[in-house]
Amino acid sequence: MMLKNYNFSKKESRLYMSFMYVTFAALLIGGLMGLLQTFARSGQFQLPFGINYYTILTVHGVILGLVMTTFFIIGFQFALMGKTVGISDKQRKWAWLAFWTMLAGTIMAAITILVGQANVLYTFYAPLRAHPAFYFGLALVIVGSWIAVFVNFRQLYVWKKANPNQKSPLLAFMVTINMAMWFIASLGVATSVLVQFIPWSLGYAATINVLLSRTLFWYFGHPLVYFWLLPAYMAWYAILPKIIGGKLFSDSLARMAFILLLLFSIPVGFHHQLTEPGIDPTWKFIQVVLTFMVIIPSLMTAFSIFGTFEVRGRKLGHKGLFGWFRNLPWNDVRFLAPFIGMVAFIPGGAGGIVNASHQMNALVHNTIWVTGHFHLTVATTVILTYFGMAYWLVPHLTGRRLTPKLNKLGIVQTIIWTVGMTIMSTAMHIQGLLGGPRRSDFSNYMGGEQVNTWITYQVAQAVGGTILFIGIILMIYIFIQLAFFAPKGVQEFPVAEEEIDAEPTPKILENWYLWIGITIALILFAYTIPVIDIIKHSPPGSIPFDWPIGR
Amino acid sequence: MHLHKYEKIWLIFGGASLAIFLLVIGFAAFWKGTHPQSHIETIDPQNVEEHEAFKPENLGLREVADGKYTVNLIASAFNYDFGTDADGKAVKRIRVPKGSTVLFQVTTKDVVHGFQVAGTNVNMMVEPGHVSRLETVMKNAGEFTVVCNEYCGVGHHQMFAVVEVYE
């Protein structure tokens with residue numbers, strides 16, 4: 001079956017590009033903050049103008065973890081939906097409302113942080129109290145993203161009405177899964193922000209239940225990382241095969257993997273709270289088991305992606321166990337950048353299994369190992385894949401071409417990123433195993449041999465950070481070229497197709513009631529009793545604290 | 001749903017590995033009793049002294065039996081309070097002999113803190129309203145830095161102490 005692809009109008013392209021502008025502006029600002037952090041923590045450099053380390057740490061976390069990723073994902077997903085199921089004028093207007101709401105929230109939160117009223121990091125743990133404008137800003141970002149969620153749902157619904165008895169396009173299906181997961185998960189943090197933080201920060205509620213707020217945060221906080229990862233999976237499953245000239249490995253397998261990710265990404269938040277008092281260890285263990293289930297769709301993904309590569313390589317006539325490997329388009333940045341991302345996910349995922357392992361977590365919890373872990377998974381796997389997508393998406397939207405010269409620059413950028421991240425992340429992992437804490441300004445803790453070993457690795461992180469910042473500057477240069485200066489032309493929007501003789505996809509994979517129903521059942525199973533416990537055995541609430549964050 | 005033969009093998013291998021990992025973790029947790037700390041004991045964060053363990057005179061290191069020690073302390077921004085020594089000076093260093101069993105009991109008066117004896121498995125979140133408790137055997141001699149590893153404010157990195165395990 002051949003699906004029709006939609007071409008973008010000028011108005012539509014402008015919408016998707018506006019998300020990309022925010023993405024890359026955020027990359028520059030957030031990256032600069034990251035650079036300053038590694039410098040400050042090396043102990044060799046003092047932040048100028050009395051800027052607080054924790055202010056830039058908050059900016060770095062919020063602007064890269066929440067703003068850059070969310071804007072890229074929503075923009076990219078809108079483009080995928082626009083391409084596969086189309087967007088109506090009315091839907092486009094709602095999409096703009098989503099954009100402006102998110103942007104307004106971002107600016108509000110950013111200003112609050114920059115004036116030093118919200119040095120609470122992106123996890124904003126109670127009872128540290130930021131200025132209410134910070135929480136209102138976050139709420140607006142979430143509400144804006146919800147508008148996007150419902151526009152996407154509506155897009156698929158309208159397409160289904162117009163194309164009865166046809167399976168939805170794979171990419172539209174994947175976007176819908178990711179947005180369903182995002183919506184269900186963000187209900188947790190939205191509840192916490194609206195019901196707990198806002199009244200308390202305004203002074204309407206005297207105290208806050210700290211453990212409940214943390215539990216609601218992590219109910220959202222782990223699916224959040226899958227919200228980042230799934231667009232990368234979309235690219236690997238359904239876009240990369242086209243770039244290398246191949247076909248989809250298996251439509252049903254891809255859908256199955258996404259369904260498993262929807263089911264198992266949410267009822268797992270306790271693995272971020274393993275060392276907390278107040279949660280029964282048995283329930284922690286149950287969520288550890290559920291966490292391990294998320295690994296299965298990742299194993300499926302690894303198999304089918306490499307399967308696609310191998311099938312393609314063999315079609316080109318390569319024999320032997322690994323001969324086909326040589327024939328992949330290594331000099332095409334649209335392939336190379338996501339490929340390196342995939343490779344980084346092997347140690348990244350393995351480290352994740354360690355983090356989630358009930359007792360083993362105690363050695364690394366809140367050490368800089370964790371920071372090293374997510375700089376491999378998010379800042380390498382996910383971000384390199386996003387970059388790989390931007391190399392064709394941006395020129396496609398602006399009516400330009402990825403020239404051989406820009407392609408070559410992109411390859412240089414990818415290598416710089418890989419080198420910088422390898423140095424920084426390895427240093428973080430080792431320092432973490434030695435006990436070095438995360439989220440801390442430079443400190444020699446009054447000396448001692450143990451502390452001296454940490455500082456050596458902090459210097460290595462500054463070296464890695466510097467290389468990465470060079471990579472960011474180069475990426476921004478490439479983005480500006482692709483957006484405004486590259487020669488006019490046509491750049492392909494690569495969407496992979498099925499083999500002609502592919503097996504039909506089982507209808508049950510599109511049964512939304514079933515999958516969302518199971519998701520909710522799993523969440524209720526994993527959370528109901530512990531949350532009742534937390535509320536029933538809650539200690540006296542916590543009053544707000546302003547002074548520890550310098551307010 | 002059609003699955004490639006090799007994919008089936010791969011998934012069986014992967015799934016079986018995960019099952020084995022989980023069995024090992026579960027065995028350690030439920031048969032050996034090595035859970036992460038979770039005590040579900042609550043306390044009023046504005047009045048922690050009312051709890052026996054956190055009365056000013058009970059803070060710090062105490063030998064409760066031969067080779068068994070208790071360390072009580074209160075975390076607050078940006079200090080670990082181990083009580084005072086004979087000269088009335090704040091204690092910042094705990095000394096225990098190698099091989100001793102030490103029970104750490106920690107709570108906080110204000111915000112969330114961390115309590116990690118770096119380089120060991122003693123690593124707890126310390127949250128207002130709860131008591132964090134972990135018993136461990138100090139098997140290795142050396143000087144271990146105690147760091148606050150959960151962000152607690154702008155003086156977070158100045159919050160530390162030392163646990164010395166001597167031969």
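The values are calculated or read from the model by the stated rules, or taken from the named source; none is laboratory data. Small disclaimer: the values here were computed from a predicted structure and weren't measured. Cβ atoms come from the backbone with ideal geometry, glycine included; neighbour counts cover every protein chain shown. Areas reflect the complete protein model, heavy atoms only, side chains present, ligands, DNA and RNA absent. Shrake-Rupley method; radii C 1.70, N 1.55, O 1.52, S 1.80 Å.
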Using the Cα atoms of chain A to build a convex hull, what is its mean projected area in square nanometres?
-> 25.5
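Where a ≥ b ≥ c are the square roots of the eigenvalues of the C-alpha gyration tensor, would you call region B:1-130 rounded, which needs a/c under 1.5, or, failing that, prolate if a/b is larger than b/c, or oblate?
On the way: a/c = 3.28, a/b = 2.34, b/c = 1.40.
The shape class here is prolate.
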Chain A: relative contact order in percent, alpha carbon pairs under 8 Å with at least 6 residues between | 20
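Could you check what % of the DSSP bridge pairs in the protein assembly as shown are antiparallel, to the nearest 5? Please list the in-between numbers first.
Values: 31 of 45 bridges.
If we restrict to bridges inside the protein assembly as shown, about 70 percent are antiparallel.
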Just check region A:315-410 against the gyration tensor rule for me: Cα atoms, a ≥ b ≥ c as the square roots of the eigenvalues, rounded for a/c under 1.5, and otherwise prolate or oblate depending on whether a/b exceeds b/c.
-> oblate
How about residue A:242: which aspartates and glutamates have a C-alpha closer than 20 Å to its C-alpha, ignoring those fewer than 8 places off in the same chain?
-> A:251, A:310, A:332, A:492, A:497, A:498, A:499, A:501, A:503
Residue B:121 versus residue B:8: modelled label distance in nm, points set 7 Å from Cα along the beta carbon direction = 4.0
If each K or R counts +1 and each D or E counts -1, the residues other than residue B:124 whose Cβ falls under 11 Å of its Cβ total -2
Region B:111-130: which residues show an accessible-area loss of 20 Å² or more, assembly versus chain alone, 1.4 Å probe?
-> B:111, B:112, B:116, B:118, B:119, B:121, B:123, B:125, B:127, B:128, B:130
Occluded residues from region A:261-288, i.e. those whose accessible area drops by 30 Å² or more once the chain is not alone (1.4 Å probe) = A:275, A:277, A:278, A:281, A:285
Let me know the charge dipole size of the protein assembly as shown about its Cα centre in debye, to the nearest 20, where only the beta-carbon of Lys, Arg (+1) and Asp, Glu (-1) is charged.
-> 2980
In sequence order, calculated HN-Hα J values of region A:235-247 (Karplus, 6.51, -1.76, 1.60; Hz; x Gly/Pro) | 5, 5, 6, 10, 10, 4, x, 5, 5, 8, x, x, 10
What longest range of chain A stays clear of loop-exposed GluC sites (Glu not before Pro) (DSSP non-H/G/I/E/B, at most 14 other C-beta within 10 angstrom)?
-> A:1-491
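Rounded to the nearest 100 Å², what's the accessible area chains B and A bury against each other, both chains counted, probe 1.4 Å? Intermediate results must be reported in sequence, preceding the final value.
Working: alone 10490 and 22640 Å², together 27550 Å².
Protein heavy atoms only, the B-A interface buries about 5600 Å².
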Per residue value of the accessible surface for the protein assembly as shown (all protein chains in place, 1.4 Å probe), Å² = 38
Residue-level accessible surface for residue A:490, protein heavy atoms, 1.4 Å, Å² = 130
Selection from A:184, A:78, A:399 lying farthest towards where the dipole of chain A points positive, charges on Cβ | A:399
List, in order, the whole-Hz ³J(HN,Hα) value for each residue of region A:383-399 obtained from phi through the Karplus relation with A = 6.51, B = -1.76, C = 1.60 and θ = phi - 60°; use x for Gly and Pro.
-> 5, 4, 5, 4, 4, x, 6, 4, 4, 9, 5, 4, x, 4, 6, 9, x
Helix-only mean residue ellipticity at 222 nm for chain A, each DSSP H run of n ≥ 4 adding -39500 (n - 2.57), per residue, nearest 500 | -22500 deg cm²/dmol
Pairs A:10/A:488; A:284/B:32; A:284/B:68: which are spaced more than 20 Å apart, C-alpha to C-alpha?
-> A:284/B:68
Sorted by chain and number, the residues with a modelled amide H under 5 Å from that of residue B:126, at a separation of 5 or more or across chains, are B:113, B:114, B:115
So for region B:59-120, using the alpha carbon gyration tensor with a ≥ b ≥ c as root eigenvalues (a/c under 1.5 gives rounded; past that, a/b versus b/c decides prolate or oblate), I'd call it oblate
Applying the Karplus parametrisation 6.51 cos²θ - 1.76 cosθ + 1.60 with θ = phi - 60° to the phi angles of region A:105-121, what ³J(HN,Hα) value in whole Hz is obtained for each residue in order, glycine and proline being reported as x?
-> x, 4, 5, 4, 5, 4, 5, 4, 5, 5, 7, x, 9, 8, 6, 10, 6
Using alpha-carbon coordinates alone, the radius of gyration and Dmax of region A:76-127 in Å work out to 16.4, 46
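Of all beta bridges DSSP finds with both residues in chain B, what is the antiparallel percent, to the nearest 5? Before the final figure, lay out the partial values.
On the way: 28 of 41 bridges.
Just about 70 percent of them are antiparallel.
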